[in-house]
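The values are calculated or read from the model by the stated rules, or taken from the named source; none is laboratory data. All values derive from a computational prediction rather than experimental measurement. Cβ sites come from the backbone with ideal geometry, for glycine too, and all protein chains shown count toward neighbours. Surface accessibility is based on the protein's heavy atoms, side chains included, excluding ligands, DNA and RNA. Shrake-Rupley method; radii C 1.70, N 1.55, O 1.52, S 1.80 Å.
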Amino acid sequence: MDHSKKLGTDPIFRLLLRYSIPAVIGMIVQVLYTLVDAIFIGHFVGENGLAAVTLVFPISVFSTGFGLLVGVGSCSCIALLLGQRRLEEAEKTLGNALVMLLWLGVCTAVAILPLGYLYIMHSDTSADIQAMAWTFLFITILFSVLPGVTFGLNNIIRVQGNPHIAMWTLLIGAILNTLLNPLFVGLFRWGVAGSAWATVLSQAVAAVWVLFFFNSRRSLLKLRRSCFRLQWSICKPILLIGLAPFLTQIAASIQGMILMGQLAFYGNESALAVWGVIYRSALVVFMVVLGIYQGSQPIIGYNYGARQFDRVRQVLNQAIGVATVWCMAVLVLVLLFPMQLVALFTPLTPTLQQISPSAVRWSLGMMGLMGFQVISSHYFQAVGKPKLSIFLSLTRQVIFLIPAIIFLPRLLIHYGQPGIMGVWMSFALADFTSFLLTFYFYCREIQALRSGHVDVSLLNNEPILSESECLPPPC
């Protein structure tokens with residue numbers, strides 16, 4: 001029975017819930033890593049520990065970019081080969097993907113460790129924070145090959161028709177990390193090193209799980225030694241398809257490092273700790289919205305290809321509506337209880353009590369627009385326009401935000417205001433301007449859908465790239 005036909009006939013809201021709820025659960029599971037680390041470090045190590053892991057977080061994002069480069073590309077190539085029943089070539093692509101992930105993981109560690117050390121030592125932070133930041137970075141980057149293998153190959157598990165196995169890959173790592181953090185950080189008092197080792201061990205178990213699956217009877221594709229010889233004809237399309245999400249991730253890392261520098265320069269260690277709370281709170285909201293988009297993606301794609309543009313428009317608007325309700329609900333809680341939000345992650349010191357309300361409210365004040373901006377920008381990916389989708393996704397985190405966090409603090413200082421306020425206000429400014437730009441393209445697309453003047457051939461001209469494993473999202 002062809003269940004895909006229901007995408008063009010069943011009630012849209014019911015379809016949206018059916019597809020979005022599992023995706024949202026998967027997104028929340030992925031974000032548990034960073035949430036658990038931050039909560040236990042904040043409460044057992046303190047404000048400085050939270051500031052330390054926040055300082056090096058953009059570099060950790062950089063290391064996952066290479067996993068995306070191979071993971072997304074190989075996933076797309078293998079999906080195509082499986083559709084053509086070219087199993088032998090699919091297995092060669094799987095073997096080449098694993099070898100590339102291993103090599104890039106080693107190269108990443110070799111390249112990032114010295115650069116990360118220089119980045120930490122030249123930050124405007126105390127020696128205590130620098131020492132903890134280097135400890136956390138050294139341990140996690142030394143084993144950066146593990147998350148690359150896990151998230152890169154987990155996409156392929158899903159593509160060959162095993163979504164539940166792929167979900168368990170994420171669950172096993174997240175649950176183990178949640179169990180090991182209180183043991184290493186709380187009981188053994190290993191500090192940030194304990195949290196780093198909890199993360200590494202959790203990722204190691206997940207990586208072993210993935211590799212074991214590809215050697216089991218349940219896997220259609222097998223990891224064969226004969227497929228481990230790298231072939232440029234196989235590697236080239238993988239790298240080309242994975243290049244777009246890779247560059248997006250690298251841009252997010254650069255933006256994050258600039259932001260850390262501005263926070264440390266205009267603020268202090270407390271500003272870094274508060275940003276760690278703000279970022280992780282926004283991350284939860286973002287991942288739920290991304291899950292809603294992933295639920296809408298197959299419905300949009302099917303009806304777009306079937307030229308049922310009224311249903312496409314309804315799916316888009318209903319997904320935006322659900323995401324906006326979620327974002328507005330969280331926004332109300334954030335605006336009313338900013339101090340309580342920070343207290344979830346670390347005990348409130350007098351400095352945190354002073355800076356937290358304005359920092360949280362300014363940084364997250366435009367969160368209500370996130371649902372529209374994320375769903376609308378990613379919509380263009382679902383209909384075969386990945387270049388526009390990537391451009392709109394980058395507007396908020398790079399194109400608008402980087403200039404704002406550089407120049408707005410200087411402008412406020414010129415008028416006698418503290419520069420750190422300019423950093424917090426930059427997020428609201430970037431959110432609003434990116435919303436306006438996305439709204440323009442949204443209106444243009446809605447008009448095209450209503451008139452029926454849509455070029456469906458775009459679906460065959462450009463690859464539709466998946467961002468389901470894009471962890472973590474932009475800072």
Residue by residue through the stretch 382-430, note down the ones that are open to solvent by 50 Å² or more (accessible area, probe 1.4 Å), assigned to a helix (DSSP H, G or I) and aromatic (Phe, Trp, Tyr). PHE391, PHE407
Of the residues in the stretch 342-363, how many are in a helix (DSSP H, G or I) and either open to solvent by 10 Å² or more (accessible area, probe 1.4 Å) or aromatic (Phe, Trp, Tyr) (or both)? 10
Take the stretch 136-160 and flag every residue that is over 13 Å from TRP209 (Cβ atoms) and open to solvent by 30 Å² or more (accessible area, probe 1.4 Å). PHE138, LEU142, PHE143, VAL145, ARG158, VAL159
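Being in contact (Cβ under 8 Å) with a residue 40 or more places away in the chain and in contact with a His (Cβ under 9 Å, 6 or more places away or on another chain) narrows it down to one of VAL185, VAL145, VAL159, so name that one.
Only one candidate passes the filter, namely VAL185.
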Please go through the stretch 251-268 and give me each residue that is hydrophobic (A, V, I, L, M, F, W, C) and open to solvent by less than 20 Å² (accessible area, probe 1.4 Å), ordered by number. ALA252, LEU259, MET260, LEU263, ALA264
Specify which of the listed residues (PHE407, PHE391) is more than 19 Å from the chain's Cα centre (by Cα) and under 30 Å from PHE265 (Cβ atoms). PHE407
Out of all the residues in the stretch 431-459, which are of a type in the set (A, V, I, L, M), assigned to a helix (DSSP H, G or I), over 15 Å from ASN317 (Cα atoms) and at pLDDT below 95? LEU458, LEU459
For the stretch 301-318, give me the residue count where each residue is assigned to a helix (DSSP H, G or I) and closer than 14 Å to ILE446 by Cα. 11
Which one of these does LEU243 not meet: (1) surrounded by 23 or more Cβ atoms within 10 Å (Cβ to Cβ); (2) farther than 28 Å from LEU176 by Cβ? (1)
Looking at the stretch 154-163, which of its residues are assigned to a helix (DSSP H, G or I) and either more than 17 Å from the chain's Cα centre (by Cα) or within 11 Å of ILE78 (Cα to Cα) (or both)? ASN155, ILE156, ILE157, ARG158, VAL159, PRO163
